[in-house]
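Engineer: Pasting a structure below so you can have a look.
The values are calculated or read from the model by the stated rules, or taken from the named source; none is laboratory data. For clarity, every value in this text was computed on a predicted model and none was experimentally measured. Note: ideal-geometry Cβ built from the backbone for every residue, glycine included; neighbour counts use all protein chains shown.
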Amino acid sequence: MKRRLLRVCGALLLSGMAFASWNWSAGKAPPGHECRFYKTLFDGQVQCRLCPRKCIVPEGKRGTCGIRENRGGKLYLITYGKPCSLGNEPIEKAPFFHFLPGTRRLVLATVGCVLRCRFCQNWEISQAKFEDVPYREVSPEQAVAVALHEKVSSICFTFTEPTVYYEYMYDVAKLAHEKGLKTSMVSSGYIETEPLKELLKVLDAVKIDLKGFTEKFYEEMAAADLEPVLNSIKTVKQSGKWLEIVNLVIPGQNDDPKDLQRMCLWLKENAGADTPVHFTRFFPQYKLKSVPPTPVASLVRAYGIAKAAGLRYVYVGNVPGHPMENTACPKCGKTLIERQGYQIVKNALKGGRCPYCSERLRGLW
């Protein structure tokens, strides 16, 4: 696996995407950081209370995520301060289209994930053991210092499943806010309500990957359940923090028009008509290499279903240059933000409003 990464503390930082590599470590026994959400059981066992799996973890073992370990009857996050990926990217890559468009974000990830998605595009780190992936020691203070040096507008927790390195993410995000930076998370939404509510206090925006709209799909494709994800969507919306939804459309798996219609109607009722929804194109990955790429026509069909359901901001993704990547005024229909891949080539918004009809567009501009 090759990723572009940043040097920190005492080394030259290169702006943009031209990063020099750090000196990486791997295979060490990490000291860890005590977790916040767990319960002590009998015989030295603990129960993690972070995600719906509620793993019971014996002494010396780890939960499903692979990075929360029982040591002496206490649960530790072993990847705290040990990111395997740190970089400077456009916010549009998240994708976030209504959250600070045209800005750059510092992206951060550690190894680990609670899901087992057969189509994961970052499986080399999300499904890997901590000992098998190089990392660098980066404290929350150092991560925020890098973001300030790079002059990004926000820090985004992404690539794997950020909720599994909860304590590290929380501490980085809290410090980032104190330094005037915005924060966001790209997540599966597979987290218990109590820790999610606490986390939302230090986040400005959340993108949830709603992978499908049937229990069967979640069970077979992600080894998980749908209901906790729906609960997370409602929790984020109720918090008032900015929310966007992504649905990766996989041929023959989650592209049934009836399921898409049910999903869109549910989103309108529970997340609101102004919550942006992105239908993105699937490409063969990981354990689904035999499935062909999503036909663009399928994405256009999903777009039409969403608009018919009453959703106001709908997008097609992973099809660079497609007109349905652009943001149009929901009132007069004029194109206000024009995109080419991850780049914005036009932004006509004036104070968050359409310059043609004065309609206020929802988002953090």
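Engineer: Could you please find all residues in region 188-207 being surrounded by fewer than 23 Cβ atoms within 10 Å (Cβ to Cβ) and either in the same structural domain as Arg53 (by TED's automatic domain parsing) or under 12 Å from Leu243 (Cα atoms) (or both)?
Structural biologist: Correct list: Leu200, Asp204.
For every residue, the table says whether it meets (1) under 22 Å from the mean Cα position of the chain (by Cα); (2) assigned by TED's automatic domain parsing to the domain that holds Arg262; (3) crowded, with 16+ Cβ neighbours inside 10 Å.
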| residue | (1), (2), (3) |
| --- | --- |
| Ala302 | yes, yes, yes |
| Ile305 | no, yes, yes |
| Gly310 | no, yes, no |
| Tyr315 | yes, yes, yes |
| Val319 | yes, yes, yes |
| Pro323 | no, yes, no |
| Thr327 | yes, yes, yes |
| Gly333 | no, yes, no |
| Tyr342 | yes, yes, no |
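Engineer: Taking the stated definitions as given, is Lys211 over 30 Å from Ser139 (Cβ atoms), without any contact (Cβ under 8 Å) to a residue 12 or more places away in the chain and either in a strand (DSSP E or B) or in the same structural domain as Gly304 (by TED's automatic domain parsing) (or both)?
Structural biologist: Answer is no for this residue.
Engineer: From the residues in region 132-147 that are surrounded by fewer than 18 Cβ atoms within 10 Å (Cβ to Cβ), touching a residue at least 40 places away in the same chain (Cβ under 8 Å) and charged (D, E, K, R), which one is farthest from Gly32 (Cα to Cα)?
Structural biologist: Restricting to residues being surrounded by fewer than 18 Cβ atoms within 10 Å (Cβ to Cβ), touching a residue at least 40 places away in the same chain (Cβ under 8 Å) and charged (D, E, K, R), the top hit is Asp132.
Engineer: Okay, next question. Can you find a residue that is among the charged types (D, E, K, R), in a loop (DSSP other than H, G, I, E, B) and more than 25 Å from Asn122 (Cβ to Cβ) anywhere in region 302-317?
Structural biologist: Yes, the conditions are met somewhere in region 302-317.
Engineer: When only residues in region 65-96 that are β-branched (Val, Ile, Thr) and in contact with a helix residue (DSSP H, G or I) (Cβ under 9 Å, 6 or more places away or on another chain) count, which is farthest from Asn326 (Cα to Cα)?
Structural biologist: That would be Ile78.
Engineer: Moving on. Of the conditions (1) within 22 Å of Ile67 (Cα to Cα); (2) touching a Phe, Trp or Tyr at 6+ places or on another chain (Cβ under 9 Å); (3) of a type in the set (S, T, N, Q), Ser154 satisfies every one except a single condition; which number is it?
Structural biologist: It is condition (1) that Ser154 fails.
Engineer: Return the residue satisfying two criteria in turn: it lies in region 83-99 and is not in a strand (DSSP E or B) and not aromatic (Phe, Trp, Tyr), and of such residues it is surrounded by the most Cβ atoms within 10 Å (Cβ to Cβ).
Structural biologist: Pro83
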